[in-house]
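Structure first, commentary second.
The values are calculated or read from the model by the stated rules, or taken from the named source; none is laboratory data. Keep in mind that this is a model prediction, so the values were computed, not measured. Here the Cβ is made from the backbone with ideal geometry for all residues, glycine too, and neighbour counts use every protein chain on show.
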Protein chains: 2
Amino acid sequence: MNYPNGQRKTMPVRIKQDKNTFSNRGMSLEEDINITNQFYLDTGRAVIHKKPTPVQIVNVNYPKRSAAVITEAYFKQASTTDYNGIYRGKYIDFEAKETKNKTLFPLANIHDHQIEHMKSIISQGGICFIIIRFAAYDEAYFLEAEKLFLFWDDKLNNGKKSISYEKIQNESYLIPFHFQMRINYLSIIDKLYF
Amino acid sequence: MNYPNGQRKTMPVRIKQDKNTFSNRGMSLEEDINITNQFYLDTGRAVIHKKPTPVQIVNVNYPKRSAAVITEAYFKQASTTDYNGIYRGKYIDFEAKETKNKTLFPLANIHDHQIEHMKSIISQGGICFIIIRFAAYDEAYFLEAEKLFLFWDDKLNNGKKSISYEKIQNESYLIPFHFQMRINYLSIIDKLYF
């Protein structure tokens with residue numbers, strides 16, 4: 001069961017599949033990253049979590065002898081990125097976006113305050129990036145925040161409102177797929193930052 | 001308006017007060033930490049946020065021409081700590097708890113999985129601690145996770161189910177109060193880790 005912001009009711013279940021016929025399609029990017037993060041956690045490699053979906057609670061009922069029920073609440077826009085944590089002593093912070101577009105990634109997927117947040121993280125010495133998945137090609141790319149800022153600034157100066165698929169191929173890193181690390185972004189971090 | 005887990009409906013408002021008559025009482029620990037974190041952020045000192053309250057969403061309505069309304073949801077227990085972020089290149093992670101007890105801090109305020117999380121953070125090289133406020137004395141203490149683990153292990157070995165106020169005074173650090181940094185925990189981090 002899916003919710004508007006991609007949140008799911010329950011934790012994703014690991015599905016056994018034949019490795020040769022495996023296809024990523026049908027799994028949301030969030031699910032794939034959650035599975036990857038769980039594997040990193042289980043193997044002691046990193047501690048990286050998705051933040052809960054921010055919700056503005058307006059009304060709560062307290063039935064006798066059972067749990068409090070939220071009866072009115074609204075989705076709030078996140079003021080930061082969705083994922084953060086620690087890897088090899090470094091602070092890790094990223095956002096993940098999926099597009100069905102085959103030729104470009106629209107920058108409208110990112111919000112001003114997320115860029116501001118990312119800039120603050122970089123200035124504190126953190127590792128910050130965005131994962132962009134092109135659903136049509138089943139490819140996920142690792143784009144460093146510093147490069148994203150260049151595209152963003154260009155947009156603000158009446159430049160392009162999107163990043164072409166070609167530019168993403170050239171400017172960012174294809175994230176390898178592994179059965180248990182479906183979006184194995186730490187392999188990119190190992191190469192770039194250590 | 002308060003909710004079961006201490007979450008508030010709106011962001012805390014900064015209240016102008018005469019500095020000499022200022023008393024912390026009436027402000028929740030969460031509010032004080034949020035104000036402090038906002039000040040750290042505004043002054044470029046650190047990027048540390050409270051994670052949103054985890055909520056399990058069961059039902060959502062989509063009225064025409066207005067925002068989606070969550071009509072059924074439940075509070076979930078957090079699997080990590082409440083606050084994390086980055087300061088001077090270091091990963092920061094902590095939990096904050098307030099007690100009305102005058103003589104001890106009950107360890108029942110902390111959950112197993114939070115201790116597990118804290119241990120993972122320490123093993124990755126992060127800075128991890130707990131802020132404990134004694135409401136009766138208007139005092140907030142900074143207790144390193146490594147010390148908390150000792151009390152926790154003692155509890156598991158049929159030891160004390162709480163930490164006495166006296167032990168907290170001896171084993172942890174009183175966090176200084178500042179008008180704009182009401183729980184100025186970075187001052188303790190500066191002394192302990194840099």
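When the residues of region A:39-54 are filtered to those that are out of contact with any helix residue (DSSP H, G or I) (no Cβ under 9 Å at 6 or more places or on another chain) and surrounded by fewer than 17 Cβ atoms within 10 Å (Cβ to Cβ), the one that is farthest from B:GLN77 (Cα to Cα) is A:THR43. Taking region B:162-181 as the range and being touching a Ser or Thr at 6+ places or on another chain (Cβ under 7 Å) and surrounded by fewer than 19 Cβ atoms within 10 Å (Cβ to Cβ) as the test, the residues that pass are B:SER164, B:PRO176. All told, A:VAL47 meets the bar of being at pLDDT 95 or above, within 7 Å of another protein chain (Cβ to nearest Cβ) and under 30 Å from A:GLN180 (Cβ atoms). Taking region B:26-54 as the range and being in contact (Cβ under 8 Å) with a residue 24 or more places away in the chain, of a type in the set (A, V, I, L, M) and in a helix (DSSP H, G or I) as the test, the residues that pass are B:LEU29, B:ILE33, B:ILE35. Among the residues of region A:98-149, those identified as basic (Lys, Arg) and more than 14 Å from the chain's Cα centre (by Cα) are A:LYS100, A:LYS102, A:LYS119, A:LYS147. Only a single item in (1) at pLDDT 95 or above; (2) within 8 Å of chain B (Cβ to nearest Cβ) is not met by A:THR53, and it is number (1).
Filtered by the rule that a residue be surrounded by fewer than 20 Cβ atoms within 10 Å (Cβ to Cβ) and in a loop (DSSP other than H, G, I, E, B), region B:185-194 gives a lone residue, B:PHE194. Of all the listed residues (A:LYS97, A:LYS102), the sole one being in contact with a Lys or Arg (Cβ under 9 Å, 6 or more places away or on another chain) and away from every other protein chain (no Cβ under 13 Å) is A:LYS97. In the set (1) within 30 Å of A:PRO63 (Cα to Cα); (2) at pLDDT 95 or above, B:PRO63 fails one condition alone, (2). Residues that are within 15 Å of the chain's Cα centre (by Cα) and within 11 Å of chain A (Cβ to nearest Cβ) within region B:83-94 comprise B:ASN84, B:GLY85, B:ILE92, B:ASP93, listed in sequence order. Listed by position, the strands (runs of 3 or more DSSP E) contained in region A:55-114 that have at least 1 residues being surrounded by 15 or more Cβ atoms within 10 Å (Cβ to Cβ) and without any contact (Cβ under 8 Å) to a residue 12 or more places away in the chain are A:55-61, A:69-75. Screening the candidates A:ALA68, A:ALA78, A:ALA108 for the property of being touching a Pro at 6+ places or on another chain (Cβ under 7 Å) and either away from chain B (no Cβ under 12 Å) or within 26 Å of A:TYR193 (Cβ to Cβ) (or both) yields one hit, A:ALA78.
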